[in-house]
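Below is one structure, written out as structure tokens; comments come after it.
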Amino acid sequence: MTIKVGDLVRGQSNEIMSATYIGKVIEKCEETVHILILNYAPTDRFTVHELMRRILVNSQQLRTISLTK
């Protein structure tokens, strides 16, 4: 499934974030995706604040999520 601007995605933990997070795609450039972080683990609160709730990640680290069953 391809990721598009406006999609809700779940990001894996990585070098920056210690746990999974949920975000909205702001911009997509080839393999890199710019994410607005919407939901994150309490342990990442200072990291998210430093990032101003935005993160750039490789699209292979993301999975789209749906709000409907």
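The values are calculated or read from the model by the stated rules, or taken from the named source; none is laboratory data. Just so it is clear, the model here is predicted, and its values are computed rather than measured. Ideal geometry is used to build each Cβ from the backbone, glycine not excepted, and the neighbour counts take in all protein chains shown.
Of all residues in the range 34-52, those satisfying the criterion of being surrounded by 13 or more Cβ atoms within 10 Å (Cβ to Cβ), not in a strand (DSSP E or B) and not acidic (Asp, Glu) are Tyr40, Ala41, Thr47, Val48, Leu51. Name the residues in the range 1-45 that are in contact with an Asp or Glu (Cβ under 6 Å, 6 or more places away or on another chain) and of a type in the set (Val, Ile, Thr), would you? Scanning the range 1-45 gives a single hit, Val25.
From the list Ile55, Ile3, which residue is aliphatic (A, V, I, L, M) and in a strand (DSSP E or B)? Quick ask: steps written out before the conclusion?
Details: Ile3 fails: in a strand (DSSP E or B).
That would be Ile55, the only listed residue that is aliphatic (A, V, I, L, M) and in a strand (DSSP E or B).
Consider Gly11 carefully, then state whether it is in contact (Cβ under 8 Å) with a residue 40 or more places away in the chain and of a type in the set (Gly, Ala, Ser). Yes, satisfied.
Scan the range 33-52 for residues that are farther than 17 Å from Ile65 by Cα and either at pLDDT below 95 or of a type outside the set (Ser, Thr, Tyr) (or both) and jot them down. Break it down stepwise before answering.
Of the residues in the range 33-52, the ones farther than 17 Å from Ile65 by Cα are 41-52.
Listed by number, the residues that qualify are Ala41, Pro42, Asp44, Arg45, Phe46, Val48, His49, Glu50, Leu51, Met52.
Listed here are the residues, each with its yes/no results for (1) aromatic (Phe, Trp, Tyr); (2) more than 10 Å from the chain's Cα centre (by Cα).
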residue	(1), (2)
Gly6	no, yes
Arg10	no, no
Asn14	no, yes
Tyr21	yes, no
Val25	no, no
Ile35	no, no
Thr43	no, yes
Phe46	yes, yes
